[in-house]
1. Would you check which residues across the range 159-179 are free of Cβ contacts under 8 Å to residues at least 40 places away in the same chain and farther than 18 Å from residue 2 by Cα and list them?
2. Assuming residue 97 fulfils every condition listed in (1) out of contact with any helix residue (DSSP H, G or I) (no Cβ under 6 Å at 6 or more places or on another chain); (2) closer than 23 Å to residue 20 by Cβ; (3) in contact (Cβ under 8 Å) with a residue 40 or more places away in the chain apart from one, which condition is it?
3. Which ones in the range 41-84 are farther than 27 Å from residue 121 by Cα, surrounded by 12 or more Cβ atoms within 10 Å (Cβ to Cβ) and out of contact with any helix residue (DSSP H, G or I) (no Cβ under 7 Å at 6 or more places or on another chain)?
4. Output the qualifying pairs, or none if there are none: Cβ atoms under 9 angstrom, residues six or more apart or on different chains, first residue in the range 180-208 and assigned by TED's automatic domain parsing to the domain that holds residue 54 and over 10 Å from residue 167 (Cα atoms), second residue part of a loop (DSSP other than H, G, I, E, B) and modelled with pLDDT under 95.
5. For the range 197-209, enumerate the residues that are surrounded by 15 or more Cβ atoms within 10 Å (Cβ to Cβ) and farther than 20 Å from residue 176 by Cα.
């Protein structure tokens, strides 16, 4: 049985927020500015949680070590910074989920690999400004799957890691949560797809934010 949580920590992209449309637009602007046709949204959405690495990989077939990648990465990030909250929105049920956490006096926060220059304005614009802490990909020396960002979030909230749940839609989220000693939850509504989380070894897999709220409430009321 999962532990009773004192804090709930969330990944951002693909977990709390559907940011794929704006991320896809930023990488497709790279293609069209170079005389290429846009990549299909269906091909880009599944890799949205991987950021520049995943999106440039699909859109241009390049890896970080390949020639030309860094120029594309810089231009992609600049495109994204200029239009990072045009179509991005919270997933259905997230508002109700957060309301439920507040009603149970549970602390909650965000731990993302997105750099702070993008995280901070996005969090403000899409209604997540009440988060108890926000730890970005450049807040600590190493991003997820290193446990450092999660441990920093627990420290900021003043809650022991073992009393935290961490929810994310990427295997790196589960690896980071496990390494930090937290209860891990795979968000199957995210970009990972419904079947991938089964191989991640998460403590729990949930299909919707409201299902997650029900699981949390069941433990808090146990």
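1. Residue satisfying the conditions is 171 alone.
2. (1)
3. 66, the sole residue that qualifies.
4. none
5. Keep residues of the range 197-209 that are surrounded by 15 or more Cβ atoms within 10 Å (Cβ to Cβ), which gives 197, 200, 202-206, 208-209.
If the condition is that a residue be surrounded by 15 or more Cβ atoms within 10 Å (Cβ to Cβ) and farther than 20 Å from residue 176 by Cα, then 208, 209 are the ones that fit.
Table: residues versus (1) over 16 Å from the mean Cα position of the chain (by Cα); (2) in a loop (DSSP other than H, G, I, E, B); (3) modelled with pLDDT under 95; (4) crowded, with 22+ Cβ neighbours inside 10 Å.
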{"site": "98", "(1), (2), (3), (4)": "no, no, no, yes"}
{"site": "113", "(1), (2), (3), (4)": "no, yes, no, yes"}
{"site": "120", "(1), (2), (3), (4)": "no, no, no, no"}
{"site": "139", "(1), (2), (3), (4)": "no, yes, no, no"}
{"site": "146", "(1), (2), (3), (4)": "no, yes, no, no"}
{"site": "154", "(1), (2), (3), (4)": "yes, no, no, yes"}
{"site": "159", "(1), (2), (3), (4)": "yes, yes, no, no"}
{"site": "162", "(1), (2), (3), (4)": "yes, no, no, no"}
{"site": "167", "(1), (2), (3), (4)": "no, no, no, yes"}
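Residues are listed down the side, and each one gets a yes or a no for (1) within 30 Å of residue 207 (Cβ to Cβ); (2) modelled with pLDDT of 95 or more; (3) part of a helix (DSSP H, G or I); (4) in contact with a strand residue (DSSP E or B) (Cβ under 7 Å, 6 or more places away or on another chain):
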| residue | (1), (2), (3), (4) |
| --- | --- |
| 24 | yes, yes, yes, no |
| 27 | yes, yes, yes, no |
| 53 | yes, no, yes, no |
| 59 | yes, yes, yes, no |
| 86 | yes, yes, no, no |
| 110 | yes, yes, no, yes |
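Yes/no per residue for (1) in contact with a helix residue (DSSP H, G or I) (Cβ under 6 Å, 6 or more places away or on another chain); (2) more than 23 Å from residue 44 (Cβ to Cβ):
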position: 172; (1), (2): no, no
position: 183; (1), (2): no, yes
position: 189; (1), (2): no, no
position: 206; (1), (2): yes, yes
position: 214; (1), (2): no, yes
position: 217; (1), (2): no, yes
position: 220; (1), (2): no, yes
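The values are calculated or read from the model by the stated rules, or taken from the named source; none is laboratory data. The structure presented is a predicted model; accordingly, all values stated were derived computationally and were not measured. FYI the Cβ positions are ideal-geometry reconstructions off the backbone, even for glycines, and counts take in every protein chain you see.
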